[in-house]
Amino acid sequence: MRAKRVYLIVLDSVGIGEMPDAARFGDAGSNTLLSCSKSPRFALPNLGALGLFNIDGVACGKRTDTPSAAFARLSEKSNGKDTTVGHWEIAGVVSEQPLPTFPQGFPAAFLERFSAAVGRGVLCNRPYSGTAVIADYGEEHMKTGKLIVYTSADSVFQIAAHEDVVPLSELYEICAAARAMLTGGLAVGRVIARPFTGAPGRFTRTANRHDYALPPPGETVLDRLKAAGKTVYSIGKIADIFDGRGITKAVRTKNNADGVDALLRAMAEDFTGLCFVNLVDFDMLYGHRNDVDGYAAALSYFDMRLPEIIGALAPDDVLMITADHGCDPGTPSTDHSREYIPFLALGAGVAPGNLGTLCGFDRIGRAVERLLCDGMERFAL
């Protein structure tokens, strides 16, 4: 049976073990899934039944003799380990050159131009944890109105601001201005608005984050699907990651629960094409904060919701579940990690079984395109 719709869910940062070149990225020994499995809150019976623990190299969980999905371990071709590069590769664009990072902060000359353009000064300007930076600089920000600018090991220019000091509309305009200015050697993968609320000692980041990404440097599967008249339905930050390119409908979400609910609503709609979903809590709330128990609980929550998703599949639907990189909460690092990603697929034309270890996240995008545009009746990765 030919597929009418493909649902592609990215479990943001759910890596399954270090890639052979992980040491070059400072990630030797990283294994996000294994670290989470050590928590008492880790329970993934439904993912296990699909075949998650049967994937090559996965050394946790209980293997099943009767996996209900096709499964594989995928390595990354791109020279990176971040959300932008990972998603671009899933959609068919391999990044041979890494996006620029700024371990010493952004150049002073650029920040002077940026401050003059947006009418506010800058605090911090160095790599920092997102929660720690507002704890350390939030009070000064509230007194001075200066923007908290920081980065990480990833290619990001992040701006934190209190919603009572810098209204959301202004923060978004500032981030859009930064995106336009960060060009050439300063062309980071994403500019990220990081609003927060609360009082000193009790600051909390809100769900009003917004990403301003570089447009992909080449044509993606999303572009081709849209050109072919297919629906390309974005849930979560997918539209942001691709700078809106190739997207025909977008739904923003506040958290993983909201993302799953939005997916289920989309599954009740009548469309032909791709529904591309990013569930960000694993990475944003738990991986970067080294919260093993929180990460494990988030995985267990998704697993609990998985039967609803599978139950909503029509006979001509295909469900794919994967990741974009790792973010091991059990290592000292709070940054992304260079890891293999899992791949699971079930539905129309998908034969359960082990597809092995394969090179390239871009295999996913090619499979989606073959299913939806080439009329491939039997799934192949």
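Observations on the structure shown:
- Those strands (runs of 3 or more DSSP E) lying entirely in segment 309-381 with at least 1 residues of a type outside the set (Val, Ile, Thr) and at positive phi: 341-347, 353-359
- Flag: Gly145 matches the condition of being open to solvent by less than 50 Å² (accessible area, probe 1.4 Å) and over 28 Å from the mean Cα position of the chain (by Cα).
- Residue list for segment 167-190, restricted to those being crowded, with 23+ Cβ neighbours inside 10 Å and part of a loop (DSSP other than H, G, I, E, B): Val188, Gly189
- Selected residue (only one of Leu344, Leu358 is of a type outside the set (Asp, Glu), over 14 Å from Ala3 (Cα atoms) and under 18 Å from the mean Cα position of the chain (by Cα)): Leu344
- In segment 127-135, the condition of being modelled with pLDDT of 95 or more and surrounded by fewer than 23 Cβ atoms within 10 Å (Cβ to Cβ) is met by at least one residue.
- Residue within segment 271-279 that is touching a Lys or Arg at 6+ places or on another chain (Cβ under 6 Å) and not hydroxyl-bearing (Ser, Thr, Tyr) present: yes
- Count of segment 155-166 residues which are open to solvent by 10 Å² or more (accessible area, probe 1.4 Å) and over 21 Å from Ala108 (Cβ atoms): 3
- As a summary of the residue check, Leu274 satisfies the conditions (1) modelled with pLDDT of 95 or more; (2) farther than 22 Å from Arg366 by Cα; (3) of a type outside the set (S, T, N, Q) except for the one numbered (2).
- Restricting attention to segment 1-59, the residues being without any contact (Cβ under 8 Å) to a residue 60 or more places away in the chain and surrounded by 24 or more Cβ atoms within 10 Å (Cβ to Cβ) number 0.
- Checking every residue in segment 243-263 against the condition of being open to solvent by 30 Å² or more (accessible area, probe 1.4 Å), part of a strand (DSSP E or B) and under 30 Å from Ala135 (Cα atoms) gives zero matches.
- The lone exception for Thr64 - which of (1) over 18 Å from Val14 (Cβ atoms); (2) open to solvent by less than 50 Å² (accessible area, probe 1.4 Å); (3) of a type in the set (Val, Ile, Thr); (4) under 24 Å from the mean Cα position of the chain (by Cα) it fails: (4)
- Residue in segment 214-234 that is surrounded by the fewest Cβ atoms within 10 Å (Cβ to Cβ), counting only those that are assigned to a strand (DSSP E or B) and out of contact with any Ser or Thr (no Cβ under 6 Å at 6 or more places or on another chain): Tyr233
- Only residues that are open to solvent by 10 Å² or more (accessible area, probe 1.4 Å) and part of a strand (DSSP E or B) were counted across segment 191-209, and they come to 4.
- Residue that is touching a residue at least 12 places away in the same chain (Cβ under 8 Å), touching a Lys or Arg at 6+ places or on another chain (Cβ under 8 Å), among the β-branched types (Val, Ile, Thr) and farther than 19 Å from Ala207 by Cα, where the choices are Val122, Val166: Val122
- Summed over segment 95-145, residues that are outside any loop (DSSP other than H, G, I, E, B), under 24 Å from Asp335 (Cα atoms) and not aliphatic (A, V, I, L, M) total 9.
- Near pairs, Cβ below 7 angstrom, 6+ apart or cross-chain, from segment 254-276 (more than 16 Å from Ala312 (Cβ to Cβ) and free of Cβ contacts under 8 Å to residues at least 60 places away in the same chain) to any residue that is of a type outside the set (Asp, Glu) and assigned to a helix (DSSP H, G or I): Asn256/Ala298; Asn256/Tyr301; Asn256/Phe302
The values are calculated or read from the model by the stated rules, or taken from the named source; none is laboratory data. Predicted, not measured: the structure shown is a model, and the values here were computed from it. No Cβ is skipped: glycine too gets one built from the backbone with ideal geometry, and neighbour counts run over all protein chains shown. When the accessible area is computed, the model is the full protein with side chains, heavy atoms only, and any ligands, DNA or RNA have been set aside. Shrake-Rupley method; radii C 1.70, N 1.55, O 1.52, S 1.80 Å.
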